[in-house]
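Input: a single structure, listed below in structure tokens.
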């Protein structure tokens, strides 16, 4: 892959997310990373695999999901361009706690967790960005918890559409349904009542 084109793409993604990186940081990140294109449906990581990698989605859609006691998959979340996936290791886990699957063909910028953490800790701007990402992650967790405690299924779907408008058309409805904690049939009824189908 062409280093200059990669840096241009990363800069565009950063701008979309309100972030900025010094040239030195971008060059270091590109040097540390491996770039890989994964086909749709590819299972990148399994529950229990060693959490030694973290990735940034440069293009495509990835989802994390759990397997419940009955063997059903339950979507933990979706990651689109500019987002981080396979983040368990960077959060201190030794093993992946969910499955990571490619929903659309995706280009990932893969890092070794230890090298990624060292890069963050070596730069004050990256530390500030990292704190912001952690705060966003905590807000996301609170949003998810509140949704399940105080919103009905339709309200959760409306909130999902508002927060993630791009995902409503990109992610399969069955995955959106499990993310919302409902069956695909229930989501279909909600969408039909809203005249979306």
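Got at least one residue in the range 80-94 being under 19 Å from residue 180 (Cα atoms), assigned to a helix (DSSP H, G or I) and under 12 Å from the mean Cα position of the chain (by Cα)?
no
Between residues in the range 132-152 that are in a helix (DSSP H, G or I) and residues that are at pLDDT 90 or above and loosely packed, with under 11 Cβ neighbours inside 10 Å, which pairs lie under 7 Å by C-beta distance while being six or more apart or on different chains?
Taking only residues 6 or more apart or on different chains, not a single pair turns up.
Give 141, 161, 117 a once-over and let me know the one that is in contact with a helix residue (DSSP H, G or I) (Cβ under 7 Å, 6 or more places away or on another chain) and under 25 Å from residue 47 (Cβ atoms).
Unique residue meeting the criteria: 117.
Exactly one condition in (1) in contact with a helix residue (DSSP H, G or I) (Cβ under 8 Å, 6 or more places away or on another chain); (2) part of a loop (DSSP other than H, G, I, E, B); (3) over 26 Å from residue 7 (Cβ atoms) is false for residue 41; which is it?
Every condition holds for residue 41 apart from (1).
Sort out which residues of the range 64-90 are exposed (fewer than 13 other Cβ atoms within 10 Å of the Cβ) and farther than 23 Å from residue 160 by Cα, and write them in order of number.
69, 70, 71
Looking only at the range 9-32, decide whether some residue is over 20 Å from residue 123 (Cα atoms) and either touching a helix residue (DSSP H, G or I) at 6+ places or on another chain (Cβ under 9 Å) or assigned to a loop (DSSP other than H, G, I, E, B) (or both).
No - not one qualifying residue is present in the range 9-32.
Inspect all residues belonging to the range 179-186 and state whether any of them is more than 30 Å from residue 23 (Cβ to Cβ) and exposed (fewer than 12 other Cβ atoms within 10 Å of the Cβ).
For the range 179-186, residues more than 30 Å from residue 23 (Cβ to Cβ) and exposed (fewer than 12 other Cβ atoms within 10 Å of the Cβ): present.
Among the residues of the range 175-190, write down those that are free of Cβ contacts under 8 Å to residues at least 12 places away in the same chain and assigned to a helix (DSSP H, G or I).
Selection gives 177, 184, 185, 189.
Residues 150, 142: which one is within 17 Å of the chain's Cα centre (by Cα), farther than 15 Å from residue 63 by Cβ and exposed (fewer than 12 other Cβ atoms within 10 Å of the Cβ)?
142
Are any residues in the range 13-35 surrounded by 11 or more Cβ atoms within 10 Å (Cβ to Cβ) and within 16 Å of the chain's Cα centre (by Cα), and if so, which ones?
13, 14, 17
Can you tell me which of 172, 165 is under 29 Å from residue 38 (Cα atoms), surrounded by fewer than 11 Cβ atoms within 10 Å (Cβ to Cβ) and under 16 Å from the mean Cα position of the chain (by Cα)?
165
Answer yes or no: is there a residue in the range 105-121 that is farther than 14 Å from residue 55 by Cβ, in contact with a strand residue (DSSP E or B) (Cβ under 6 Å, 6 or more places away or on another chain) and either surrounded by fewer than 17 Cβ atoms within 10 Å (Cβ to Cβ) or at pLDDT below 90 (or both).
yes
The values are calculated or read from the model by the stated rules, or taken from the named source; none is laboratory data. For clarity, every value in this text was computed on a predicted model and none was experimentally measured. Ideal geometry is used to build each Cβ from the backbone, glycine not excepted, and the neighbour counts take in all protein chains shown.
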